Amino acid sequence: MAQAARDVIIKYMKKHILVTGGTGYIGSHTVVELLKNPDYTVDIIDNLANSKAEVIDRIEQITNIRPNFIEGDLLDKKIVEKLFTENHYDSVMHFAGLKAVGESVEKPLDYYENNLQSTINILNMMKKYNVKEFIFSSSATVYGLQDTPECVETMQTGQNLTNPYGRTKYFIEEIIKDYALTDPEFKGVILRYFNPVGAHASGLLGEDPNGIPNNLMPVIMRVYTGDIPVLSIYGDDYDTEDGTARRDYIHVVDLAQGHIACLNHIKAGVSIYNLGTGRPTSVKEMIAAFEEASGEKLPTQIVERRAGDLPECWADPSKANAELGWKTNLTIADAMRDTLNYLKHEGKTHA
Ligand code: NAD
Ligand code: UFG
């Protein structure tokens, strides 16, 4: 049989996954995990609003496979439809979205338009072209402030959300649930990520946000490289052992592997899973772990609490552990080591 014919048959035997936002931080790590599995073939669509096309080269360097990349905006219905007419997708992993909390307060309409409309465009095409499996990147932010800091999937969501970004996640979750009611064969998964950190062990992929970062780990990285002069710790008067707020930091590779577990266990209806470690770590503990890994002391200062911050928030991951057969394996120390390795690869060293 001719090689071309063999390639076509192999392509149709594989599960074809469309990854939106696949050049972004979490999407790129997930594509690597997908490509490690010979059963999957991957197309990526991304408008590069917050990522670089070079990520595709990096993915190829790691996996020896070059995923098909379409540079395009999910708001452009024609581009999205073209994808679905030219390919038969088995599943869609929908990472694409804007995610900067502060920016979402300044530009709420951009956030609602981008995050909601892109999801609606994808779901419309899935409906039209009979694609049933959908995995969505949601966030622990949908829990808002709860009576207890350990979040369980059954808790009420959408209360006390402090910014438009968080509300887009909540609204999209509701859209997915409503859509699922119209199609008994639809298999939807809502993944509530806790705080992703770390980088690929190769140092080739990591988080490199445009503009001024807000999240703790990118700020630590910029303080280390000297781009930010001092790390402001937002409050040391919380009711925790060292007074700083605590979160559930999950290594991005563990998080990526959670998506593969989802594909293997996907079922009709909408399933919701927390992806977190179940262990809280304080801001001071994170800084100490980075200092331990780098051997460098970071300049810090204590400042006021940041408006809208939760004192503590971590996952109860037992549902994902039991139903997906997934659990985290990597530690905060692993995340710090891999982050430093990524910085080194990027030529960004200690100031
Ligand atoms: P990221 O910004 O690195 O990746 C998102 C990607 O989506 C980017 O590459 C961006 O260019 C692309 N994109 C945005 N709008 C698009 C559009 N209209 N069309 C095509 N591409 C578009 O972010 P990430 O950290 O990898 O996050 C991935 C998903 O996970 C997001 O939906 C985010 O809200 C969610 N999430 C992230 C975190 C986190 O802390 N990183 C936590 C919880 C949830
Ligand atoms: N922090 C600092 N200094 C900084 C940055 C952060 O002390 O320069 C502290 C924060 O006050 C918080 C902790 O570090 O106590 C973590 O902050 P992040 O901004 O990294 O993460 P959050 O949990 O506060 O929020 C982020 C997103 C949310 C999302 C949540 C979980 O902003 O939208 O992660 O995914 F829901």
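The values are calculated or read from the model by the stated rules, or taken from the named source; none is laboratory data. None of the values given here were measured: they were computed from a predicted structure. Quick reminder, even Gly has a Cβ in these numbers, built from the backbone with ideal geometry, and neighbours come from all protein chains shown. What goes into the accessible areas is simple: the full protein's heavy atoms, side chains included, and nothing from ligands, DNA or RNA. Shrake-Rupley method; radii C 1.70, N 1.55, O 1.52, S 1.80 Å.
Taking the conditions exactly as written (buried (at least 19 other Cβ atoms within 10 Å of the Cβ) and either modelled with pLDDT under 95 or more than 11 Å from ligand 2 (Cβ to nearest atom) (or both)), does V197 satisfy them or not? No; evaluated as a whole, the condition is false for this residue. Number of residues in the range 21-39 that are closer than 17 Å to G198 by Cβ and hydrophobic (A, V, I, L, M, F, W, C) equals 3. Would you confirm, using the coordinates I've provided, whether E291 is open to solvent by less than 50 Å² (accessible area, probe 1.4 Å), among the charged types (D, E, K, R) and without any contact (Cβ under 8 Å) to a residue 24 or more places away in the chain? So E291 passes the test. Of all residues in the range 100-116, those that are closer than 21 Å to G24 by Cα have Cβ atoms under 8 Å from Cβ atoms of residues that are of a type in the set (V, I, T), 6 or more apart or on another chain, in S104/T168; Y111/T168; Y112/T168; N115/T168; N115/I172; L116/T168; L116/I172; L116/I175. Within the range 48-78, being open to solvent by 60 Å² or more (accessible area, probe 1.4 Å) and under 18 Å from the mean Cα position of the chain (by Cα) holds for N50, K52. Just one of the listed residues (V92, V101) is open to solvent by 20 Å² or more (accessible area, probe 1.4 Å), of a type in the set (V, I, T) and either within 18 Å of the chain's Cα centre (by Cα) or modelled with pLDDT under 95 (or both), namely V101. Of the residues making up the range 234-247, none is open to solvent by less than 20 Å² (accessible area, probe 1.4 Å), closer than 25 Å to F136 by Cβ and either within 14 Å of ligand 1 (Cβ to nearest atom) or among the basic types (K, R) (or both). When we screen T339, T349, T328, T300 for residues that are surrounded by fewer than 16 Cβ atoms within 10 Å (Cβ to Cβ) and touching a residue at least 24 places away in the same chain (Cβ under 8 Å), the only hit is T349.
Over 30 Å from T331 (Cβ atoms) and in a loop (DSSP other than H, G, I, E, B) - does that describe any residue in the range 143-158?
Yes, the range 143-158 contains at least one residue that is over 30 Å from T331 (Cβ atoms) and in a loop (DSSP other than H, G, I, E, B).
Tally up the residues in the range 230-274 that are touching an Asp or Glu at 6+ places or on another chain (Cβ under 8 Å) and of a type outside the set (V, I, T), please. Residues in the range 230-274 being touching an Asp or Glu at 6+ places or on another chain (Cβ under 8 Å) and of a type outside the set (V, I, T): 19 in total.
Every residue, every condition in (1) closer than 27 Å to E113 by Cβ; (2) not charged (D, E, K, R), yes or no:
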{"position": "G27", "(1), (2)": "yes, yes"}
{"position": "D46", "(1), (2)": "yes, no"}
{"position": "Q61", "(1), (2)": "no, yes"}
{"position": "K78", "(1), (2)": "yes, no"}
{"position": "N87", "(1), (2)": "yes, yes"}
{"position": "S91", "(1), (2)": "yes, yes"}
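Evaluation of L74 against the conditions (1) away from ligand 2 (no atom under 16 Å from the Cβ); (2) in a helix (DSSP H, G or I); (3) among the hydrophobic types (A, V, I, L, M, F, W, C) shows that the sole unmet condition is (2). Among the residues of the range 271-285, is there at least one that is in contact (Cβ under 8 Å) with a residue 12 or more places away in the chain, among the small types (G, A, S), over 30 Å from S91 (Cβ atoms) and assigned to a strand (DSSP E or B)? Yes: one or more hits. Kindly establish whether G258 is surrounded by 16 or more Cβ atoms within 10 Å (Cβ to Cβ), in contact (Cβ under 8 Å) with a residue 12 or more places away in the chain, part of a loop (DSSP other than H, G, I, E, B) and touching a helix residue (DSSP H, G or I) at 6+ places or on another chain (Cβ under 9 Å). No.
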